[in-house]
Amino acid sequence: MPHEVKVTINTTGSTHSITVDPEELRIPAGDRQPIQWKIQNPAQEGWKFRNKGIDIENPGTEFDHPTGGGNRIFTWSNNHTKPGRYKYWVRVESGGVNVDHDPTILNN
C-alpha cells in the first residue's frame, strides 16, 4: 500500500496556498512503498497537479517513475536505498491559477 500525502488547496479571497499532511513524510528504513499525493479539494474546484506536479529536488536514483500530471493523484516510486532528506515542490493548477508549496520527504 502506498504512503499517502493529503494535499489541500486553501483559498482566502484571491489568495491560494497549499497544505500537505504530513508536512514531512517520514519513511522507515527499508520501506520501498510508492508515495501518492492526493488532492483533497472537491473535484468541482478543478484543482489538478501540473506536469511536474510533485518535483523532487535531486531525486538521484532514490525516486523514479513520476506519474500524475493533469490528474488529482500524483505518484513517485521510492527505491529507498539510503537515508536522506529530500525537499520537493507540490505544484497544482486550476483555471489558470498556479500554486506551489515545498515540503520534505525523510527516508530514515
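I need the full set of residues from segment 1-32 which are surrounded by 14 or more Cβ atoms within 10 Å (Cβ to Cβ) and not in a strand (DSSP E or B), in order please. Within segment 1-32, PRO2, PRO22 meet the criteria.
Can you name the residue in segment 54-86 that is in contact with a strand residue (DSSP E or B) (Cβ under 6 Å, 6 or more places away or on another chain) and basic (Lys, Arg) and, of all such residues, is nearest to PRO28 (Cα to Cα)? Applying the filter and picking the extreme gives ARG85.
Taking the criterion of being at pLDDT below 95 and at positive phi, the only residue of segment 20-55 that qualifies is GLY30. Beta carbons closer than 6 Å, at least 6 apart along the sequence or on distinct chains, pair a first residue in segment 46-64 that is surrounded by 12 or more Cβ atoms within 10 Å (Cβ to Cβ) with a second that is in a loop (DSSP other than H, G, I, E, B) and among the basic types (Lys, Arg) for LYS48/ARG72. How many residues are under 14 Å from GLU93 (Cα atoms) and of a type in the set (Gly, Ala, Ser) if we restrict to segment 15-51? Result for segment 15-51: 3. Of the strands (runs of 3 or more DSSP E) entirely within segment 38-88, those holding at least 2 residues that are within 13 Å of ILE105 (Cα to Cα) occupy 48-56, 73-78. Out of all the residues in segment 6-18, which are in contact (Cβ under 8 Å) with a residue 40 or more places away in the chain and either closer than 19 Å to ILE56 by Cβ or hydrophobic (A, V, I, L, M, F, W, C) (or both)? Scanning segment 6-18 gives VAL7, ILE9, ILE18.
The values are calculated or read from the model by the stated rules, or taken from the named source; none is laboratory data. This one's a predicted model, so the numbers in the text were calculated from it and none came from an experiment. FYI the Cβ positions are ideal-geometry reconstructions off the backbone, even for glycines, and counts take in every protein chain you see.
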